[in-house]
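Starting off with a structure, shown below.
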Amino acid sequence: MTDAITIQNPRNRGGSTGHVLAKRSVTFTEIRTDARGYAPLRAAIATYLGISRGINCHPEQIFVCAGYRACLDLISHTLMGPGATCWLEEPGYFMARNALLEAGAQLVPVPVDDQGLDVAQGIARAPEAGFAVVTPTHQSPLGVSLSLPRRLALLDWANRQGSWIIEDDYDSEYRYQGKPLPALKSLDQQGRVLYTGTFSKVLFPGLRLAYLVVPAEQTAAFARQADRLHNHCPHLQQATVAAFLNEGHFARHLNKMRGLYARRRQWLVEALHQQVGGRLQIDPQAGGMHVVAGLGEGDDVQIARRAREVGIAVEPLSQWYLGDGGRQGLVMGFTNVVSAEQAVSVAVRLARVIA
Ligand SMILES: Cc1ncc(COP(=O)(O)O)c(C=O)c1O
């Protein structure tokens, strides 16, 4: 995002050249803020989703929100009644858990195994739930992908039940082996999936820029709530990101980062195997921006706290569980490990902390 832009107010055309931020020119096509998001960005996202995620949608179905949390708020204001029952992956993303609890939802933890969310368990525990929140491409935090039979079973349940599936596709762009998996939304024939994506992982979190794709029949209801909440990212940022996508920088950026992150992941995994292999079970999954390492023994909360004291930011896996007795382990980002030497230094410090 180093390119420069000029913001031109169409009202000033032919007069002043607008407010010059840098070299290139982005012309706003609207003057009034549209709470659904900046129209050219919504169009660019629709094109991107069609090409990269197999999602066939119209820009009218897209709502730009200030982050994933804001997407959940928009969904809960539009579709969730008080006390709505909601399946949540166990373990699962704590931010979603908190947002849904604040929205008054009743959360039902549904276990995740090596095929992703255990749909049969969800049906056994809460067959009439109104919502299921899932991370099908790269389960957060375990990293597994939801298998095709499970995807079909989940859609089948939602179709029969008239329930909503909230698909959180937060870091699907990063996959290091095999073909990229299409989104669950691409299989949704009956419009039961509310799809969310974010620019936090692929660009940077400070942008606060995410998007929600809703079924065509729901666009009016969502637009009313979006207008009421006005919970959007500033249009200047939206215009910049639209230009970034439309001019091809985004695709180049992703290609570059995939190669870079694959190397960084390899450095960290190799160093962990060498330095702490006996104490951690490291199982890198096909994609994502973090690795998860199971702890044979020890308290992951204590270890994560001590690791932070020596400058290593790891998350305790047990805290991603809603219920008690979650697996002990460490969730470790690798994208800021810039060399093999640095990976070894991190692993050596972590080994000392664990010992
Ligand atoms: C599982 C998961 N979903 C969504 C997000 C994106 O959140 P946001 O768009 O609010 O930055 C993240 C970011 O860390 C995440 O880990």
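How much accessible area per residue does the range 33-247 have, in Å², with a 1.4 Å probe?
37 Å²
Ok, one more. If the viscosity is 1.002 mPa s and the temperature 20 °C, what Stokes-Einstein diffusion coefficient in µm²/s follows for the range 270-351 when Rh is the Kirkwood radius over Cα pairs?
166 µm²/s
Now, a different point. Which is farthest toward the positive dipole end of the chain among Trp87, Gln161, Thr240, measuring Cα position about the Cα centre, with Cβ charges +1 (Lys, Arg) and -1 (Asp, Glu)?
Thr240
Additional query: So if I place +1 on the C-beta of Lys and Arg and -1 on the C-beta of Asp and Glu, and nothing else carries charge, what would the dipole magnitude of the chain be about its Cα centre? I want it in debye, nearest 20.
Value, rounded to 20: 1100 debye.
Another question, then. Ignoring solvent entirely, what values of log10 I(q)/I(0) come out of the Debye formula for the chain at 0.09, 0.15 Å⁻¹ when each Cα is a single scatterer?
Normalising to I(0) and taking log10 leaves -0.54, -1.31.
Given 0.36 nm per residue, what is the gain on full extension from Val338 to Gln281 after removing their alpha carbon distance, in nm?
18.2 nm
Normalised by the residues of the range 33-247, what does the relative contact order come to in percent, with Cα pairs under 8 Å and at least six apart?
Relative contact order of the range 33-247: 28 percent.
Over the range 251-354, with every protein chain in place, what whole percent of the accessible area is carbon and sulfur at 1.4 Å, could you tell me?
The C+S portion of the solvent-accessible surface of the range 251-354 is 47 percent.
How much length, in nm to one decimal, is gained on full extension between Arg224 and Asn56, taken as 0.36 nm per residue of separation minus their Cα-Cα distance?
On the way: separation 168, 0.36 × 168 = 60.48 nm, distance 2.32 nm.
Gain on extension, Arg224 to Asn56, equals 58.2 nm.
Here's another thing I want to ask about it. Expressed as a whole percentage, what fraction of the accessible surface of the range 107-220 belongs to carbon and sulfur atoms when a 1.4 Å probe is rolled over the protein heavy atoms? Before the final figure, lay out the partial values.
Numbers: 2170 of 4160 Å².
Of all accessible area on the range 107-220, carbon and sulfur atoms account for 52 percent.
In whole Å, largest first, what are the principal axis extents of the Cα atoms in the range 204-355?
56, 39, 27
At what distance in angstrom do the alpha carbon centres of the range 245-270 and the range 40-113 lie from each other?
25 Å
With a length cut of 30 Å (Cα positions projected on each helix's long axis) and a Kyte-Doolittle mean of at least -1.0, go through the chain and give me the DSSP H helices that pass.
Qualifying helices, which must be both long enough and hydrophobic enough, are 249-276.
The values are calculated or read from the model by the stated rules, or taken from the named source; none is laboratory data. These figures come from a predicted structure and were not determined experimentally. Reconstructed Cβ throughout: ideal geometry from the backbone, glycine too, with neighbour counts over all protein chains shown. SASA here: full protein model, heavy atoms, side chains in, ligands and nucleic acids out. Shrake-Rupley method; radii C 1.70, N 1.55, O 1.52, S 1.80 Å.
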